[in-house]
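Visitor: Below: one structure in structure tokens.
Please treat every number below as a calculation from the coordinates, not as lab data. Every value quoted in this text rests on a predicted model; they were computed, and no experiment measured them.
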């Protein structure tokens, strides 16, 4: 992602557009989170076709794994995340255990400096019930 943002920055400079005026986003489709391997397995089975289509765009795992996945994107300069959520449990885990650690991380000097440069890190979760 760092390389992509460097290319974007060069394009902005060539066009005379401020790099800061571009909202740098990342979309996770689908987002499947669970506290247990068994819970995650059930969710994977229900969303098998969508996961096959999504490939690397999916965010699948425990909430702590999701935090680890998002962290390098924030460090690279991503400002806005969207999560396609298909079950209420994933939405709850996202709200309770994935997003809150960023308020703590923003207090670290390196993240605080990045947050100052990028204005803020924003989150959106879209919810749509997955039917079987």
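Visitor: Tell me whether the range 1-62 comes out rounded, prolate or oblate; compute the Cα gyration tensor, take square roots of the eigenvalues as a ≥ b ≥ c, and use a/c under 1.5 as the rounded threshold.
Guide: Here the range 1-62 falls in the prolate category.
Visitor: Taking the Cα centre of each part, how many Å lie between the range 1-50 and the range 70-88?
Guide: Distance between centres, Cα-based: 6 Å.
Visitor: While we're on this one: At 0.36 nm per residue, and after removing the present C-alpha to C-alpha distance, how many nm does the segment from residue 14 to residue 56 gain when stretched out fully?
Guide: 12.1 nm
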